[in-house]
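See below for the structure under consideration.
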Amino acid sequence: MGYHAEYTASLQDPESYWLKAAEAIDWDVAPTQALFDRGDHIYEWFADTRVNTCYNAVDRHVENGRADQAAIIYDSPITGRKSTTTYAELQTRVAALAGGLAAKGVTKGDRVIIYMPMVPEALEAMLACARIGAVHSVVFGGFAANELAVRIDDCTPKAIIAASCGLEPNRVVAYKPLIDGAIELADHTPEFTVILQREENPCELGVNDVDWYDFQQGTTPAPCVPVEGTHPAYILYTSGTTGAPKGVVRPTAGHLVALNWTMKNIYDVDPGDVFWAASDVGWVVGHSYICYAPLIAGNTTVVFEGKPVGTPDASTFWRVISEHNVRSFFTAPTAIRAVKRDDPEGKLAANFDLSGLRALYLAGERADPDTIEWAQELLGKPVYDHWWQTETGYTIAGNPAGLEALPVKIGSPTVPMPGYDVQILDDAGHPLPAGELGAIVVKLPLPPGTLPTLWNAPERFKKSYLHAFPGYYETGDAGMIDDDGYLYIMARTDDVINVAGHRLSTGGMEEVLAGHKDVAECAVIGVTDQLKGQMPVGFLCLNTASKRDHAEVVAECVKRVRDQIGPVAAFKLAVVVDRLPKTRSGKILRGTMVNIADNTPFKMPATIDDPAILDEIKVALQSIGYAAG
Ligand code: COA
Ligand code: AMP
C-alpha cells in the first residue's frame, strides 16, 4: 500500500490499522482491542495488554540473533572517546543497573530522575527504569538547579541517576552542585542519587549518594517486569505558557507500537542499519530517536557527545556519518545552519565517504528553505523536514520515505502521518479551506504513543490541549494545508519560542525577570536569529523609585535567567524601556514587538492604547542591534 491508502485506512479503521502495527511488538499479553474511549474526549490505546519496553528494545534482539550486533555506538569528539556496546552487553549492563535499583527498593511506578550528558549510560539508565517498570524523567543538562527542583517536586522521584559532569566545548558542567542545589530548593527529597563518575570531573559523594559501579555490585540482575499498556513509560517536561513545565506522560504500549512503525516507514531503516539522531537525551528527539525507536527496531543508535561545530570543526557530522556508516541522519535545522556558517561551501564534506547515507531528516523548528537547499546540494540526497512535538513523541507530518517517498515541497514538512487527522480551524473552530492560515489541530483520538495526560495535572491537560476546539487536540502551532494536502507550519499560537531547536517559554523567563527587585514589569519576545531561529529579548520597565544603572540591571537579569532557568535559555539580550505597548485591556502586544524587531510589516493593532510606545520600542531594539532601518 502507498501513503494515501495507508493514511485513509488508518483514519477509517484505526482499530485494525494499529492492531496490525502491534504485531511487530513482543507482548506478554497481546492486545485484543486497540482503542479505548474513556469518554469526555479521553482515549487510551492497548489498555488490555501487558508488555515491557526494555524487553522489546534489548532482550528480544539478543534472543533473536542480534546479540553481537552493535546496539549503541558512542562517539565523543569532546573527550576523544569512542566505544561500541552490543545488544548482549547492553542487556547485561541494563539488567545489572536495574538490579541495583531494585535492590534499593525502586519498583514499578516509582519515579526516577535521570540527569546525564550524552553517554551510553544515559540510555542504560532509561532502559533500566523501563526494565522494572519505574517511570523515568530525564532532565536536560543545560537546565539550572531551579528547573531540576521544579521537576523533583512535580514527579517526586525515589532516586536520581546522574553523572558527575557534562562537557560543553568551552567548559565542564559540574552536575553535583546543581543536584545538591536542586534537592536543597525542592520540598521533596529523593532517597538516593546514583552517580556515574567521569574522569573529567569526579565529584565527592555525599551520604545519600552511591557510585554507579559500587551500587550494582553483588545485586541480582533484574528481569523485565511486564506492565499494563497504559503504564507511563516516562515523563518528559516541556515548556508551556507559564514557568511551570508540563509533564508529558508517555504510555508504554502505544509508544512501542508507534515508534517501531516509524523506523521503517518514515526513516526507511531496516533492522541492523545504523541510525543517528544528533540531539540530546534531555529532549523528546533523544528519547524517541537516540534511545527507544532505533533499539526497539533492532537498529544501531549513535550517542554523540559533541556539537555540529567546534568539536573540532564543521566536519564532525560528516566524519561520524562515514565512520559509522549512518544510513539515516536526523538533526535540527540550526545544527545544519551552524555547519553552513563555518563551512559555507561544504568543502569539509568532500573528505568523507557519505555514500551510505540515504537521507537527512530535520525537525524541532522551522526548516528554512536556504538550509534545506544547501544540504540537498551538498549531500545530493533527500532532505526531509518533519514536524512533531514532545506531546506526540513522533512525526505528526512528514515524508513517509520508507512507505512511499513523496515529492518534497520546500517549506512544508509534507503530509500528515497515519492516525493524525490534521485540520486547520479558524478561531471559532470552523474548518478553513486549503491555503488559509489557522490553528493546526488534530481530530481526536490522537494515534497511539501520544500523550494521554499531563503528570499530576489532568485538568491542565484538558485546558491546554482539548478545551479550545472541542473534539480536537490543539497543537499550539498555526499554519495551513495546500491543495495537495501538504502542511505548512508558520508560527506558534502561544508564548513558546524555539531557540536552537530548544523549546522555551517566554512566560517562564518573564516570571524570572519579574522577580528582580528593580523590575516593575517586563516582556520577553522571540526575535528572528540567523543561526538559532529565534533568540529571546527582554524588555524591562523599572520601578519608578529605582535609580539603578540600566546596564547593571540588565546584566543582573541576564545572570538571573541563566541561574534560574539555565544556559540553554540563551537569554543574553535585554533593554530597559519606560513603558510596554499594550491593548486598552492591558494585554502586552508581544507580536507587534516581534514585527518591529524583525522589520516585518504589521498593521497597527486597532486596540492599541498608545501607538507612540511602538517608536520607543523600536529605538530600544535598535540600541541592541535589532529593528534596523
Ligand atoms: N549542558 C550544559 N549546558 C548546555 C548544554 C548542556 N547539555 N547544552 C547547551 N548548553 C549551554 C551552551 O554551552 C551555551 O552556553 P553559553 O551561553 O555558556 O555559551 C548555552 O547552553 C546555549 O546553548 P545553545 O543554544 O545550544 O548554543 P551554542 O552556541 O552552544 O550552540 C548550536 C549552537 C547551533 C551549535 C547548538 O545549539 C546545537 O547543536 N543545536 C542543535 C539543536 C538540537 O540538537 N536540538 C534538539 C532538538 S532536535
Ligand atoms: P518540541 O516539543 O520541543 O519538539 O517542540 C515542538 C514545537 O517545535 C512544535 O510545536 C513547533 O512549534 C516546532 N517544530 C518542531 N518541528 C518543526 C518543523 N519541522 N517545522 C516547524 N516547526 C517545528
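The values are calculated or read from the model by the stated rules, or taken from the named source; none is laboratory data. Please read these numbers as outputs of a predicted model, since none were measured by experiment. Counting neighbours? That spans all protein chains shown, and the Cβs are built from the backbone with ideal geometry, glycine included.
Brief remarks on what is shown
- Hits in segment 156-175 (condition: surrounded by fewer than 22 Cβ atoms within 10 Å (Cβ to Cβ) and in contact with a Ser or Thr (Cβ under 8 Å, 6 or more places away or on another chain)): Pro169, Ala174
- Matching residues, segment 184-236, being of a type in the set (Phe, Trp, Tyr), over 17 Å from Pro117 (Cα atoms) and touching a residue at least 40 places away in the same chain (Cβ under 8 Å): Phe192, Phe215, Tyr234
- Out of Ala314, Ala244, one residue alone is modelled with pLDDT under 95, assigned to a loop (DSSP other than H, G, I, E, B) and of a type in the set (A, V, I, L, M, F, W, C). It is Ala244.
- Number of the exception - Ala514 against (1) within 16 Å of ligand 1 (Cβ to nearest atom); (2) farther than 17 Å from Gln389 by Cβ; (3) among the small types (Gly, Ala, Ser): (1)
- Test for Glu521: is it of a type outside the set (A, V, I, L, M, F, W, C), in a strand (DSSP E or B), touching a strand residue (DSSP E or B) at 6+ places or on another chain (Cβ under 9 Å) and farther than 17 Å from Ser239 by Cα: yes
- Of the residues Val284, Val326, Val303, Val269, the single one that is surrounded by 20 or more Cβ atoms within 10 Å (Cβ to Cβ) and within 16 Å of ligand 2 (Cβ to nearest atom) is Val284.
- Single condition Lys559 does not satisfy, out of (1) modelled with pLDDT of 95 or more; (2) crowded, with 20+ Cβ neighbours inside 10 Å; (3) within 16 Å of ligand 1 (Cβ to nearest atom): (2)
- From the options Ala367, Ala363, Ala332, residue that is crowded, with 17+ Cβ neighbours inside 10 Å and in contact with a Leu (Cβ under 9 Å, 6 or more places away or on another chain): Ala332
- Qualifying residue in segment 334-348 (condition: in a strand (DSSP E or B), within 15 Å of ligand 2 (Cβ to nearest atom) and modelled with pLDDT of 95 or more): no
Listed here are the residues, each with its yes/no results for (1) assigned to a strand (DSSP E or B); (2) buried (at least 16 other Cβ atoms within 10 Å of the Cβ); (3) in contact with a Pro (Cβ under 6 Å, 6 or more places away or on another chain).
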{"residue": "Glu391", "(1), (2), (3)": "no, yes, no"}
{"residue": "Gly419", "(1), (2), (3)": "no, yes, yes"}
{"residue": "Ala428", "(1), (2), (3)": "no, no, no"}
{"residue": "Pro448", "(1), (2), (3)": "no, yes, no"}
{"residue": "Asn456", "(1), (2), (3)": "no, no, no"}
{"residue": "Arg460", "(1), (2), (3)": "no, yes, no"}
{"residue": "Lys463", "(1), (2), (3)": "no, no, no"}
{"residue": "Gly476", "(1), (2), (3)": "yes, yes, no"}
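- Of all the residues in segment 349-389, those that are outside any helix (DSSP H, G or I) and not hydroxyl-bearing (Ser, Thr, Tyr) number 24.
- When segment 395-421 is filtered for residues that are of a type in the set (Ser, Thr, Tyr) and touching a residue at least 60 places away in the same chain (Cβ under 8 Å), the ones remaining, listed by number, are Thr395, Ser412, Thr414.
- Residue pairs meeting the criteria (Cβ under 6 Å; at least 6 apart or on separate chains; first in contact (Cβ under 8 Å) with a residue 60 or more places away in the chain and among the small types (Gly, Ala, Ser), in segment 295-320; second in a helix (DSSP H, G or I) and crowded, with 24+ Cβ neighbours inside 10 Å): Gly298/His61
- Listed by position, the helices (runs of 4 or more DSSP H) inside segment 524-624 whose residues that are among the hydrophobic types (A, V, I, L, M, F, W, C) and closer than 30 Å to Leu148 by Cα number at least 2 are 550-564.
- Per-region count, segment 177-213, residues among the acidic types (Asp, Glu), in a loop (DSSP other than H, G, I, E, B), out of contact with any Lys or Arg (no Cβ under 9 Å at 6 or more places or on another chain) and surrounded by 13 or more Cβ atoms within 10 Å (Cβ to Cβ): 1
- Scope segment 478-509; condition part of a strand (DSSP E or B), away from ligand 1 (no atom under 16 Å from the Cβ) and crowded, with 19+ Cβ neighbours inside 10 Å; matching residues: Gly479, Met480, Ile481, Leu487, Tyr488
- All of Phe352, Phe330 fail the test of being away from ligand 1 (no atom under 15 Å from the Cβ) and out of contact with any Gly (no Cβ under 9 Å at 6 or more places or on another chain), apart from Phe352.
- When residues of segment 373-383 are limited to those that are of a type outside the set (D, E, K, R) and out of contact with any Pro (no Cβ under 8 Å at 6 or more places or on another chain), the one farthest from ligand 2 (Cβ to nearest atom): Gly380
- Verdict on Ile424 being in contact with an Asp or Glu (Cβ under 9 Å, 6 or more places away or on another chain) and among the β-branched types (Val, Ile, Thr): yes
- For beta carbons closer than 6 Å, sequence separation of 6+ or different chains, a first residue in segment 608-627 that is polar (S, T, N, Q) and a second that is modelled with pLDDT of 90 or more, there are no qualifying pairs.
- Tally, over segment 326-348, of residues that are within 25 Å of the chain's Cα centre (by Cα) and of a type outside the set (Gly, Ala, Ser): 12
- Any hit, segment 574-582, residues being within 16 Å of ligand 1 (Cβ to nearest atom) and within 18 Å of Gly142 (Cβ to Cβ): no
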